[in-house]
1. Kindly list the number of the only condition in (1) facing another protein chain (nearest Cβ under 9 Å); (2) farther than 30 Å from A:Gln218 by Cα; (3) surrounded by fewer than 20 Cβ atoms within 10 Å (Cβ to Cβ) that fails for B:Tyr247.
2. For the stretch A:1-106, please list each of the helices (runs of 4 or more DSSP H) lying entirely inside it that holds at least 2 residues being aliphatic (A, V, I, L, M) and under 14 Å from the mean Cα position of the chain (by Cα).
3. Quick test for you: out of A:Ala168, A:Ala149, pick the one residue that is farther than 24 Å from A:Ile241 by Cα and either within 14 Å of another protein chain (Cβ to nearest Cβ) or more than 14 Å from the chain's Cα centre (by Cα) (or both).
4. Checking A:Phe240 against (1) touching a residue at least 12 places away in the same chain (Cβ under 8 Å); (2) surrounded by 22 or more Cβ atoms within 10 Å (Cβ to Cβ); (3) within 7 Å of chain B (Cβ to nearest Cβ): exactly one of these is not met. Which one?
5. I'd like the full set of residues that are part of a helix (DSSP H, G or I), touching a Phe, Trp or Tyr at 6+ places or on another chain (Cβ under 9 Å) and either among the acidic types (Asp, Glu) or within 9 Å of chain A (Cβ to nearest Cβ) (or both), limited to the stretch B:220-244.
6. Does at least one position in the stretch B:198-209 carry a residue that is touching a Ser or Thr at 6+ places or on another chain (Cβ under 6 Å), more than 7 Å from chain A (Cβ to nearest Cβ), more than 19 Å from A:Asp225 (Cβ to Cβ) and not in a helix (DSSP H, G or I)?
7. Only one of (1) touching a Gly at 6+ places or on another chain (Cβ under 6 Å); (2) within 9 Å of chain A (Cβ to nearest Cβ); (3) aliphatic (A, V, I, L, M) is not met by B:Ile143, so which one is it?
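The values are calculated or read from the model by the stated rules, or taken from the named source; none is laboratory data. Computed from a predicted model, the values in this text were never measured in an experiment. Neighbour counts are summed over all protein chains in view; Cβ atoms, including those assigned to glycine, are modelled from backbone coordinates with ideal geometry.
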Amino acid sequence: MADFHGKVVVITGGAGDIGKAAAKLLAGDGAAVLLVDSNGKALDAAVVEIGNPRVSGCVADVTDVASTQAYIKAAVDRFGGIDVLLSNAGIEGKVTPIFDADPADFDRVIAVNVRGVWLSLKYAIPEMRKRGGGSIVISSSIAGLRGTAGVTPYCTSKHAVIGLMRAAALECAPLNIRVNTVNPSPVETRMMRSLEEGLMPGNPGEVHTMLKAMIPMQRYAEPDDIAKLMRFLASDDSTFITGSVYSADGGLNAG
Amino acid sequence: MLMKNKVALVTGGGSGIGRAIALAWAREGAKVVLSDIDVKAGEETAALVKAQGCEALFVTANVAKPGDSENLVARAMAQFGRLDVACNNAGIAGPAALTADYPLDGWAQVIDINLSGVFYGMKYQLGAMLKSGGGSIINIASILGSVGFATAPAYTASKHGVVGLTKAAALEYSAQGIRVNSVGPAFISTAMTSDLRNDPDINTMLVGSHPIGRLGRTEEVAELVLWLSSDKASFITGAYYPVDGGYLAR
């Protein structure tokens, strides 16, 4: 199916578990991949772990304009342009009810999860136009479709990027650039380990068991489950799909 | 070969989206079972599948008849011994009329084929899939499974119904390894939309309602169905995936 030879893919949150899984798949299918992350050490380790010469890293702060311009430029300088953007960088924030929450934490989450996504589109789209089109996949969440107690900033941010995706899809359709979201249920990642610990300090395993039981398929997603959906939406197998919310949730949102 | 050794069944396989699905599966190595009420069209698709080097079985069936749906699955099991994938695709547009003027027989026919037909299909497919150790069902809904369309009350109701039916079945069978999803095509260039497309004013309106600036192609729906059929979608169930050129984003 999907062949990515000659395609350039930029993945923000590239040192995270989902970003790494997507990089492995897409580079394996022939793409040149630029992994973007704010954590230089984790990024170096991710590039080594993936071990594909087509994958390289670029340290950047996705909330910053100059930093965003720099990683976009890095992709163009190293690989000649951009065809696919996986705007995937995100943070979970602190787990606490809204009445105890710190406004600074809200600002941090919105900066990374909303402003960071908006900036990535703003600066990637002109490069995609030069190539005659492209595909953008934004990482939203089941928390973008439903309320999730304890993480109001995160929930707000993941709802917001669905609106951003829809508006951008309308603007970019005439440019042959497609924009969609993927909406995972809990995934076996570092972020979920942190959320589990936040929800029940000292007993994250209990949260894992409880959440698993709520998912009809009785398991979390693996990073690879999400990466496979990203690959489909990034590929030319989905040429009529834009402006859509694609869940990958083991049935969680059906009930 | 995404569908190697898989037995896959599509209703309404004689033309349009159904035929494109049968051919996409064949390209990926499936054994294809297809039904249609149009014998000539169904046999033609079967011949096209065989021309790709795959086994094909055509069965005449009216999805609105539970007995036909039962027989279809039984024939598939008798021929191939298992059922891995089913796509409930057969459907009709029905008459175009305002709700107050909508003909009663037209309403009944649309609901019988588009909604009850999917239920009858799943009722028998699920049993066969349980015997096969799991599977994937894809129900062809529509963007009108999510929003309304004036003069299409029956079609809109039937397709909303398919989306709900899909979710309930997904919850029931996820633990037994059967995934159930629905797909929401926008207006696709098929025989079903030919009357609309042949009217220049309506065609302009339709194209304009797709931000991507054109109607969809049957192959574009088939690629999504193929992906959902495959093991690449192993965590996807109960979902409604539009394939709509941005129609629903407006």
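1. The one condition B:Tyr247 does not meet is (3).
2. Passing ranges, in order: A:17-28.
3. A:Ala149
4. Looking at each condition in turn, A:Phe240 falls short on (1).
5. B:Glu220, B:Val221, B:Glu223, B:Leu224, B:Leu226, B:Trp227, B:Lys232, B:Ala233
6. no
7. Among (1) touching a Gly at 6+ places or on another chain (Cβ under 6 Å); (2) within 9 Å of chain A (Cβ to nearest Cβ); (3) aliphatic (A, V, I, L, M), B:Ile143 violates only (2).
Table: residues versus (1) within 25 Å of B:Leu126 (Cα to Cα); (2) touching a residue at least 60 places away in the same chain (Cβ under 8 Å).
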site	(1), (2)
B:Pro153	no, no
B:Ser174	yes, yes
B:Pro185	yes, yes
B:Ser194	no, no
B:Val221	yes, yes
B:Ser229	yes, yes
B:Phe235	yes, no
B:Gly246	no, no
B:Arg250	no, no
